[in-house]
Amino acid sequence: MAFIVNTAQYLPANEIFNDDLTQFPSKYRQLIEEKAGIKTRRHVTDECTSDLGALAVKELLRKTRMNPVEVEVLICATSSPDRIQPATATRIQELCGIKNAFAFDINSVCSGGIYGLKIASSLINDGAKNVIVVASEVYSKILNPKDIATFPYFGDGAAAVLLSDHGAYELKDILLFSDGSGCDVIQVPAGGSMLPAAAVKKERDYYFSMEGQSVYRFACEKGSELIGLLSKRNEVMADRVITHQANLNIIKEIARRTDVSDEKFFINVDKYANTAGASVLIALNEYLESEEAKNENHVFLAAFGGGLSWGGCYLKKEHDTK
């Protein structure tokens, strides 16, 4: 069995409020909070994805009082890597002194944190003792700053989770799904082998893009479906639901479709906007540090993103954990 031992996060200090987005007319800036529940977000200055990931991992090691050489596996979930190669995880490994681990990346966009937990759980069940999943994203560098449809709604951040064969929360159930027929709905078109740099004719192809209405419908459908599946499969009602923090209206619609009260949904999208693959794990860390977590035993995680991909997880608190 696999357990979460501890969690940590890192958010850049540079806080961007809606009124700071002066490249957009004031009437549009006023709609950002109304449309998505976002008041502010964090952007890096000169850091890259591995810098944020390393700071989250260092904080995790500090909290757990673990020597970096005890870590056996380091998994980095990111859809905004430092470079097309090598794996961003390897630079995080070097920055953190994790000398005895093997390190690799996964890219399931906003579902990346959940996918990372599944892989880590499998490795624990196969005999590994200490596995770290770090989800780190720097979307401010892959967004078109003039695009009102994307730029205001994303932020930068990272979170890290230590898993082992004992700990505070057991990973009781993890579900993963993908639908490749939607592979073009969320994308960065240029930079890979499909559209290499030499063939790019439009600057916008280097930037993140998505089909907003399609993404909204997909997120509401799959988010509510995941919560229903986790509840049915495990015959339990969630004390707390932590979804991907993409948009407050999506979260409210998921709550409506599942008949789970709004109060059970953890919300921090107002502070950080959409941090893609790091979103669920940042929210999980903040929830576990809250007073509410002390009295709640059953936690559902649900994420949905590019690929199209989606995944859910049921965490059960150990009875002797306070």
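The values are calculated or read from the model by the stated rules, or taken from the named source; none is laboratory data. Bear in mind that the values here come from a model prediction, so they are computed numbers and not experimental data. Because the Cβ atoms are built from the backbone with ideal geometry, glycine has one as well, and the counts that use them run over all protein chains shown. SASA here: full protein model, heavy atoms, side chains in, ligands and nucleic acids out. Shrake-Rupley method; radii C 1.70, N 1.55, O 1.52, S 1.80 Å.
For the stretch 29-52, which positions are not β-branched (V, I, T) and not in a helix (DSSP H, G or I)? Spell out the reasoning first.
Residues of the stretch 29-52 that are not β-branched (V, I, T), as a first pass: 29-31, 33-37, 39, 41-43, 46-48, 50-52.
Of everything in the stretch 29-52, those that are not β-branched (V, I, T) and not in a helix (DSSP H, G or I) turn out to be G37, K39, R41, R42, H43, D46, E47, C48.
How many residues does the stretch 252-299 hold that are surrounded by fewer than 20 Cβ atoms within 10 Å (Cβ to Cβ), in a loop (DSSP other than H, G, I, E, B) and under 14 Å from the mean Cα position of the chain (by Cα)?
Residues that pass the stated criteria total 2.
Going through A219, A198 one at a time, which residue ends up being within 20 Å of I84 (Cα to Cα) and either hydrophobic (A, V, I, L, M, F, W, C) or not in a helix (DSSP H, G or I) (or both)?
Details: A219 fails: within 20 Å of I84 (Cα to Cα).
Being within 20 Å of I84 (Cα to Cα) and either hydrophobic (A, V, I, L, M, F, W, C) or not in a helix (DSSP H, G or I) (or both) holds for just one of A219, A198, which is A198.
I'd like to know if the stretch 130-144 contains one or more residues that are surrounded by fewer than 19 Cβ atoms within 10 Å (Cβ to Cβ), modelled with pLDDT under 95, assigned to a loop (DSSP other than H, G, I, E, B) and of a type outside the set (F, W, Y).
Checked the stretch 130-144: no residue is surrounded by fewer than 19 Cβ atoms within 10 Å (Cβ to Cβ), modelled with pLDDT under 95, assigned to a loop (DSSP other than H, G, I, E, B) and of a type outside the set (F, W, Y).
Give the residue that is surrounded by the fewest Cβ atoms within 10 Å (Cβ to Cβ), with candidates limited to residues of the stretch 98-112 that are under 18 Å from the mean Cα position of the chain (by Cα) and closer than 19 Å to L55 by Cβ. Working first, answer last.
Of the residues in the stretch 98-112, the ones under 18 Å from the mean Cα position of the chain (by Cα) are 104-112.
Filter once more, keeping what is closer than 19 Å to L55 by Cβ: 105, 112.
Values: D105: 22, G112: 32.
This residue is D105.
So the check is Cβ under 6 Å with 6+ separation or different chains; which pairs have a first residue in the stretch 125-138 that's within 11 Å of I106 (Cα to Cα) and a second one that's modelled with pLDDT under 95 and open to solvent by 10 Å² or more (accessible area, probe 1.4 Å)?
The qualifying pairs do not exist here.
Have a look at L95, L117, L61, L55 and point out the one that is open to solvent by 10 Å² or more (accessible area, probe 1.4 Å), under 19 Å from A168 (Cα atoms) and not in a loop (DSSP other than H, G, I, E, B). Before you say what the answer is, go through the steps one by one.
Values: L95 fails: under 19 Å from A168 (Cα atoms); L117 fails: open to solvent by 10 Å² or more (accessible area, probe 1.4 Å); L55 fails: under 19 Å from A168 (Cα atoms).
So the residue among L95, L117, L61, L55 that is open to solvent by 10 Å² or more (accessible area, probe 1.4 Å), under 19 Å from A168 (Cα atoms) and not in a loop (DSSP other than H, G, I, E, B) is L61.
Under 9 Å between Cβ atoms, which residue pairs at least 6 apart in sequence (or on different chains) link something in the stretch 71-89 that is within 12 Å of L162 (Cα to Cα) with a partner that is in a loop (DSSP other than H, G, I, E, B) and open to solvent by less than 10 Å² (accessible area, probe 1.4 Å)?
Close Cβ pairs satisfying both conditions: V71/I98; L74/I98.
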